[in-house]
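Just below is one structure, and these are the notes that go with it.
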Amino acid sequence: MPERIVIEFPKDEKKDNERIEIDFQDEVQVLPKINHEEIQRKNIEEAKINSFYKGSANLNGFYKSDLKFPEGIDKSFRRKFHLEIKDSFLNSILESNKCFILTSISGNVYFIDRFDFSIKNKIFIEENVFEKTGIVFENRIFINSVKNIFEFKEEDEIFYETVYSSERDFFIWSSLNRYKNLILFLEYNPDSKKALLKIIDTANHFSITEFEFTSNEFLSESICVGEGMAYILNDDKVLVLDLMTMDFKEVKIETPGFTTSHFLFQNYKMFFIKDLQELFYLSSSSKETNYKYSGIKLNYVNSLCGYGENIFIGTIDGWKCYKNNGLLVYSFDDEYENKVECCNENVVVIVKNNKFVIHNLNRFQEAESRTVSSQGRDECDDIISVIISYNNLIVLTKDGIIELYSDDNLNIHV
């Protein structure tokens with residue numbers, strides 16, 4: 001290639017002759033192409049991932065992630081993976097730096113490779129039923145059946161060991177939660193009406209601390225943790241444990257008592273639904289012992305999630321977004337029941353049977369919907385879990401259909 005190209009224009013009597021010279025370097029440097037997928041994969045594999053029932057210890061369905069709503073007509077969500085597992089599930093998806101973890105009511109634990117979505121391993125544990133959700137603590141996987149808690153480890157192969165077994169006539173009643181190195185859960189004996197809050201110290205040879213109380217009519221299926229306090233809904237009381245001092249107290253609620261486990265913690269307050277209609281809150285301050293009314297009352301509340309100042313509430317006929325002070329921000333009316341499943345700072349995910357809708361939190365009216373179905377037929381069981389992980393949504397149905405969606409679909413308009 002010549003080092004210089006000279007371009008001359010025809011002479012014009014009225015103008016000076018114009019001449020352009022272009023110089024070339026001897027070598028042209030080509031920058032290496034950046035493989036963003038490989039970089040993200042490496043970052044995930046090196047990450048210490050924590051995974052909880054309902055997104056965090058606060059039970060607020062919030063996931064810290066970079067997932068954004070694809071704005072504009074040229075972009076949308078796309079289904080990247082689809083997998084059908086012939087099994088039945090009642091609990092939520094967990095994740096580690098290598099796998100998505102599912103546990104079934106038939107005693108199977110599935111490890112799904114998070115990068116190619118293949119079943120990496122399947123472990124059957126005889127005489128165990130998995131109904132509640134475990135936790136992942138910096139990639140340490142703890143799974144609970146109705147009688148045992150197992151820790152799964154991965155070296156050359158995945159193996160497990162039993163770290164706890166409940167006493168006779170007691171059942172592990174709740175999903176697991178965590179505060180620092182402590183694992184928290186509830187046990188219950190339906191015959192004696194005796195309940196136990198149990199705390200396992202994973203940093204101290206799995207030593208156990210327990211608090212006993214009576215539960216006659218209702219006991220929450222989860223424990224909410226926030227600002228060093230653990231909250232349990234029990235009959236007509238909120239039980240509160242200070243996890244630093246181990247002081248245990250109860251806050252009496254006006255009758256009728258609790259009937260559902262809809263509660264979360266954010267902004268130093270534990271919010272809870274009473275009578276399936278009204279939203280109350282209890283401050284985490286040790287000086288305040290009375291609960292207060294938020295000013296929010298709706299018809300048949302079925303779910304809660306939120307972050308920051310926002311609370312999302314699912315109802316029998318739509319969903320709404322409020323500020324913590326009771327100010328209505330957005331309302332969506334629907335002829336179908338809507339459940340708020342999860343959110344991050346950019347989107348909120350609403351579930352309607354086997355359909356889910358992703359709403360843009362920057363423009364509430366902007367949304368995309370997807371329907372999960374089995375290959376070969378247009379229907380499946382209801383969605384029971386949706387989680388947000390990095391730039392992906394992972395969706396699970398009761399009958400074992402699991403799908404992964406990404407926000408990078410490019411629409412081509414002809």
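Every number here is computed from the coordinates shown, using simple stated rules; none is lab data. Since the structure is predicted, the reported quantities are computational estimates derived from the model, not experimental observations. All Cβ positions, glycine included, derive from the backbone under ideal geometry; neighbour counts span all protein chains shown.
Here are the numbers:
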quantity: The chain shape via C-alpha gyration tensor axes, a/c threshold 1.5; calculated: prolate
quantity: 3J(HN,Hα) from dihedral phi, region 258-274, Karplus parametrisation 6.51/-1.76/1.60, rounded to Hz, x for glycine, proline; calculated: 7, 10, 9, 9, 9, 7, 7, 10, 6, 6, 6, 9, 9, 8, 8, 9, 10
quantity: Cα centroid separation, region 266-314 to region 362-408 (Å); calculated: 27
quantity: Nearest-ten-degree value, helix 36-46 long axis tilted from longest Cα axis of the chain; calculated: 30
quantity: Using θ = phi - 60° and Karplus 6.51 cos²θ - 1.76 cosθ + 1.60, couplings along region 197-203 (whole Hz; Gly, Pro as x); calculated: 8, 10, 10, 9, 8, 6, 9
quantity: Likely footprinting exposure, Val129, Val372, fewest C-beta neighbours within 10 Å first; calculated: Val129, Val372
quantity: Stretch gain in nm, segment Glu254-Arg79, where the contour uses 0.36 nm per residue and the Cα spacing is subtracted; calculated: 58.3 nm
quantity: Point-charge dipole on Cβ atoms (K/R +1, D/E -1) for the chain, about Cα centre, debye to 20; calculated: 900
quantity: Packing-based exposure ordering (other Cβ within 10 Å, fewest first) of Phe332, Phe159; calculated: Phe159, Phe332
quantity: Residue-count net charge about Leu243 - beta-carbon cut-off 15 Å; Lys, Arg +1, Asp, Glu -1; calculated: -1
quantity: Relative contact order computed over the chain (Cα-Cα under 8 Å; 6+ residues apart), in percent; calculated: 15
quantity: Region 318-414: relative contact order as a whole-number percent, Cα under 8 Å and 6+ apart; calculated: 15
quantity: Helical mean residue ellipticity (222 nm; -39500 (n - 2.57) per DSSP H run of 4+; nearest 500) of the chain; calculated: -1000 deg cm²/dmol
quantity: Region 99-123 versus region 200-234: alpha-carbon centroid distance in Å; calculated: 28
quantity: Dipole magnitude of region 32-84 about its Cα centre (Cβ charges: Lys, Arg +1; Asp, Glu -1), debye to nearest 20; calculated: 80
quantity: Positive minus negative residues near Gly308 (Lys, Arg vs Asp, Glu; Cβ under 14 Å); calculated: +1
quantity: Proxy reagent accessibility, fewest Cβ within 10 Å first, across Thr371, Thr103; calculated: Thr371, Thr103
quantity: Linear extension gain, Phe218 paired with Ile34, 0.36 nm per residue minus alpha-carbon span; calculated: 60.7 nm
